[in-house]
Amino acid sequence: HDVPGFTINKKIAEGACAEIFSAVDQSNGKLVALKLLHRRHLANRAEYKRLQDEGALGLKLGQNDNIVQMYMVAAVDDLPFVVMELVSGRTLREHLNAKQVFDNLGVLRLAKGLARGLRFLHNAGYSHRDLKPDNIMINERGQVKIIDLGFAESYNSFRLFGRSLDGSLPYMAPELLSSKKSSPATDIYALGCTLYEAATGVQPFSGMSDQETIAIQTNFKILAPAVQPRNASITAVTEKLVMTALQKDSAKRFKSADEVLLELARDVGGQRIDVP
């Protein structure tokens, strides 16, 4: 790829729709990440628009410590790309693939960083709609960053009726599967599923097929197995936080990221959870 104004170093990630490269911005010598649409999706207007919308939303949101920052959205030879902050470190998925489950303090730090990022997004009127370990970076300072705003949408969106289900089934709230309507509470459910997986190494609700996963997610009688038997470092207070976030009944779940942060601000087993 040749992108005017940037010197591309190497590919650092690849998804179904886009490739991400580390690059140098020739105007200021700064290291950045370039997210380019796969050429095979050039004719796919939905993917084309999604990448442009992601860049536009990132620019509109501005800076937050817990969400990847966007610098510019443009196109070269009709191939759209987004220039964004280069986040060092590994994804939460990479940590879990390496069998690195998080201890109590690690889960609380993760919860705090993610809740701060979600609060920022929700206050701007958007839900992320695809929060999962693959879309969370943790840098060498332990700072948590939410990446990939490709599925994010405004609560005031009128595109909801009859649209396909975007996102990842094991992290989808039951009400999202039935009404396809997102809210802060649907992101909180995904947060709960993510924290559970970080603490145990397994997803709380997943089946052998999409149909089975949907059946498990929407059956309110099926509860997530307790965390503490799988991870002895997790306190009862932390387990309650995780389990409240992943309640299938939205009325029993935290309503907002603020509620999660309030819970974290209480004495969580006497542990300081300062996060960068």
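Quick one: work out the % antiparallel among DSSP beta bridges in the range 1-125, nearest 5. Spell out each step's value before the answer.
On the way: 27 of 27 bridges.
Once the DSSP bridges in the range 1-125 are tallied, antiparallel ones form about 100 percent.
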Chain lengthening between Gln26 and Lys49 when straightened (0.36 nm per residue, less Cα-Cα):
5.6 nm
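Quick one: dipole size for the range 1-160, taken about the Cα centre, charges +1 on Lys/Arg Cβ and -1 on Asp/Glu Cβ, in debye to the nearest 20.
On the way: 22 positive and 18 negative charges, 84 e Å.
Dipole magnitude for the range 1-160 comes out near 400 debye.
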Kirkwood estimate for the chain, i.e. one over the average of 1/r between Cα atoms, Å
19.4 Å
Can you tell me the orientation of helix 104-123 relative to the chain, as the angle in degrees between its alpha-carbon axis and the longest Cα principal axis, to the nearest 10?
60 degrees
Between Leu261 and Ala13, what FRET efficiency comes out of the Förster formula 1/(1 + (r/R0)^6) with R0 = 41 Å and r the beta carbon distance, rounded to 0.05?
0.90
For the charge dipole of the chain, defined by +1 on Lys and Arg C-beta atoms and -1 on Asp and Glu C-beta atoms about the Cα centroid, which residue among Ile138, Asn219, Ala257 has the Cα displaced farthest towards the positive pole?
Asn219
For the range 82-98 and the range 205-251, distance of Cα centres in Å
25 Å
Give the lysines reachable from Lys35 as a straight Cα distance under 20 Å; neighbours fewer than 8 places away on the same chain don't count.
Lys10, Lys11, Lys49, Lys60, Lys132, Lys145
Using the Karplus equation 6.51 cos²θ - 1.76 cosθ + 1.60 (θ = phi - 60°), what ³J(HN,Hα) coupling, rounded to whole Hz, does each residue of the range 21-29 give in order, writing x for Gly and Pro?
10, 7, 8, 10, 6, 5, 6, 9, x
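Report, in debye and to the nearest 20, how large the dipole of the chain comes out about its Cα centre when Lys and Arg carry +1 and Asp and Glu carry -1 on their Cβ. Kindly include the intermediate steps, with their values, before the conclusion.
Numbers: 34 positive and 31 negative charges, 75 e Å.
Around 360 debye, computed over the chain.
Ordered by packing density, taken as the mean number of other Cβ atoms within 10 Å over each peptide's residues, highest first, how do 142-154, 52-64 rank? List each step's numbers first, then the result.
Values: 142-154: 20.5, 52-64: 16.7.
Final packing ranking: 142-154, 52-64.
Would you kindly calculate the translational diffusion coefficient of the range 187-265, applying Stokes-Einstein with the Kirkwood radius from alpha carbon pairs, for 4 °C and a viscosity of 1.567 mPa s, and quote it in µm² s⁻¹ without decimals?
Stokes-Einstein gives a translational diffusion coefficient of 100 µm²/s.
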With all protein chains present and a 1.4 Å probe, how do Phe220, Phe120, Phe205 order by accessible area, largest first?
Phe220, Phe120, Phe205
Shape call for the range 6-142 from the C-alpha gyration tensor, a ≥ b ≥ c root eigenvalues: rounded (a/c under 1.5), prolate (a/b greater than b/c) or oblate?
prolate
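Restricting things to Cα coordinates, could you compute the convex hull volume per residue of the range 62-157 in Å³?
Numbers: hull volume 11.1 nm³, N = 96.
Convex hull of Cα atoms, per residue: 116 Å³.
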Report the calculated FRET efficiency for Ser179 and Asp103 (r = Cβ-Cβ distance, R0 = 51 Å), to the nearest 0.05.
0.90
Using 0.36 nm per residue of separation minus the Cα-Cα distance, give me the extension gain between Ile222 and Arg39 in nm, one decimal.
61.6 nm
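The values are calculated or read from the model by the stated rules, or taken from the named source; none is laboratory data. Predicted model, so just to flag it, every value in this text is computed and none were measured. For neighbour counting, all protein chains shown are included, and Cβ atoms are generated from backbone atoms with ideal geometry for every residue, glycine included. Surface accessibility is based on the protein's heavy atoms, side chains included, excluding ligands, DNA and RNA. Shrake-Rupley method; radii C 1.70, N 1.55, O 1.52, S 1.80 Å.
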